[in-house]
Amino acid sequence: MTISVNANDLVSVSLGGAIAHPGFAGLPAEPYRLAADGKPFLLPTWGGIVYNVSVGDSAFGWAADCIHPGVSIKGGDDLKNRGLNVYACLGNTAVVMTGRAQGAKGVVTGKSGRFSEQLIIHFPKSVRADMAVGDQILIRSLGTGMAVDGHPEVALKGLGPNLFEALPKKVVDGRLEIGVVAKVPAHLIGAGLGLTSEGGSLHMQSTDRAALKEAGLDQLRLGDLVAFENTDSRYNHGYLRGAISIGVVGQTDGPRAGYGPGVTIIMTAPKGELGCFIAPGTNLKSLLSLED
């Protein structure tokens, strides 16, 4: 059975941003953050060009705090950055417009949530080696307004049509089901609850490693598809029995409580119209044929 979307109705527009410099908040005066056990730490975090962490790598184990794999970009001011974060869709093409890597192409793979609001883009490592903070990146946005034919209750969020086409999927008893690597039980959902689902990310909790392993989440990789159980992300993220949200692991975990791997939600439905099935290896690296 063919599962189609309103591809001919979609409008493709340009979005722009520059490679963001890693930064620290102005206060407190010291740069340290607190781990879940109360110990201060100082580790690399979001922003910049990450040369050695990519989609397909482990989401755990790095000496880092919610690192973005590949390249992170931001818009020129808050309004522009908001448009960039909302309208960019996973799977969209990114083009380097300035600098030594001018003309190189990448793929949007994630969105960062509150406090950073950056767009995460995969470029091959050879391209990253030629990039610099401040390089201008153009996104060919396509996907906002997309809907699944025959499934009006399924809301799509920041999902490009090329990625939707590549997803493992089927219809069972009228319900759209998407292949995922694992399911995240509602009690393991962390930072992001209550915030908007238009852009940003929703984190899973990773402080309790035994619970993580029990749920089959301890081997997740960046780019894996996962399903959040009993989670409604139509407008903002919250608990709703029977709802489901499906997303892509976009950021690594970190030492802080509530900030395990960050996930960019790409679809959601409130009352059983959307489901999932376990499909090992469902990852953006293979779905979109991303180069190392």
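The values are calculated or read from the model by the stated rules, or taken from the named source; none is laboratory data. The model shown is predicted, which means the values in this text are computed figures rather than measured ones. Here Cβ is always computed from backbone atoms with ideal geometry, including for glycine, and neighbour counts include all displayed protein chains.
Could you please tell me which pairs satisfy a Cβ distance under 6 Å, a separation of 6+ or placement on different chains, a first residue in segment 73-87 that is outside the structural domain of Asp135 (by TED's automatic domain parsing), and a second residue that is among the hydroxyl-bearing types (Ser, Thr, Tyr)?
Sorted first by the residue in segment 73-87, then by its partner, the list stays empty.
Quick check on my filter: what residues within segment 26-38 are touching a residue at least 12 places away in the same chain (Cβ under 8 Å) and part of a loop (DSSP other than H, G, I, E, B)?
Narrowing segment 26-38 to residues touching a residue at least 12 places away in the same chain (Cβ under 8 Å): 33-36.
Passing the criteria: Ala35, Ala36.
I'd like to check which strands (runs of 3 or more DSSP E) are fully inside segment 87-130 and have at least 3 residues that are surrounded by fewer than 24 Cβ atoms within 10 Å (Cβ to Cβ) and within 21 Å of the chain's Cα centre (by Cα). Spell out the reasoning first.
Details: elements: 93-96, 105-111, 119-122.
Output list reads 93-96.
Any idea how many residues of segment 201-248 are more than 23 Å from Asn52 (Cα to Cα), among the polar types (S, T, N, Q) and crowded, with 24+ Cβ neighbours inside 10 Å?
3
Yes/no matrix, rows are residues, columns are (1) touching a helix residue (DSSP H, G or I) at 6+ places or on another chain (Cβ under 6 Å); (2) surrounded by fewer than 24 Cβ atoms within 10 Å (Cβ to Cβ); (3) outside any helix (DSSP H, G or I):
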position: Leu43; (1), (2), (3): no, yes, yes
position: Trp62; (1), (2), (3): no, yes, yes
position: Ile73; (1), (2), (3): no, no, yes
position: Lys80; (1), (2), (3): no, yes, no
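Mind checking which pairs have a first residue in segment 142-153 that is in contact (Cβ under 8 Å) with a residue 40 or more places away in the chain and more than 14 Å from Val86 (Cβ to Cβ) and a second that is among the acidic types (Asp, Glu) and part of a loop (DSSP other than H, G, I, E, B), Cβ under 8 Å, 6 or more apart or different chains?
His151/Glu273; Glu153/Glu273
Which ones in segment 42-66 are within 15 Å of the chain's Cα centre (by Cα) and either among the polar types (S, T, N, Q) or not assigned by TED's automatic domain parsing to the domain that holds Arg114 (or both)?
Correct list: Ser54, Ser58.
Give the residue that is nearest to Leu90 (Cα to Cα), with candidates limited to residues of segment 201-243 that are hydrophobic (A, V, I, L, M, F, W, C) and part of a loop (DSSP other than H, G, I, E, B).
Keep residues of segment 201-243 that are hydrophobic (A, V, I, L, M, F, W, C), which gives 202, 204, 210-212, 215, 217, 220, 222, 225-228, 240, 243.
Filter once more, so that each one left must be part of a loop (DSSP other than H, G, I, E, B): 215, 217, 220, 222.
On the way: Ala215: 26, Leu217: 22, Leu220: 19, Leu222: 13 Å.
Among those that are hydrophobic (A, V, I, L, M, F, W, C) and part of a loop (DSSP other than H, G, I, E, B), it is Leu222.
Which one of these is of a type in the set (S, T, N, Q), buried (at least 20 other Cβ atoms within 10 Å of the Cβ) and more than 13 Å from Leu138 (Cβ to Cβ): Ser58, Ser54?
Values: Ser58 fails: buried (at least 20 other Cβ atoms within 10 Å of the Cβ).
Only one candidate qualifies: Ser54.
Does segment 244-284 hold any residues that are in a loop (DSSP other than H, G, I, E, B) and among the aliphatic types (A, V, I, L, M), and which are they? Give the derivation first.
To start, the set of residues in segment 244-284 that are in a loop (DSSP other than H, G, I, E, B) comprises 252-261, 270-273, 279-282.
Result: Ala257, Ala279.
When you look at Ile178, is it part of a strand (DSSP E or B), closer than 22 Å to Ala243 by Cβ and of a type in the set (A, V, I, L, M), yes or no? Don't jump to the end; show me each part of the working.
On the way: part of a strand (DSSP E or B): yes; closer than 22 Å to Ala243 by Cβ: yes; of a type in the set (A, V, I, L, M): yes.
Yes; evaluated as a whole, the condition is true for this residue.
When both residues are 6+ apart or on different chains and their Cβ atoms are under 9 Å apart, which pairs have a first residue that lies in segment 50-67 and is closer than 22 Å to Lys39 by Cα, and a second that is in a strand (DSSP E or B) and modelled with pLDDT under 95?
Asp65/Arg33; Asp65/Phe41
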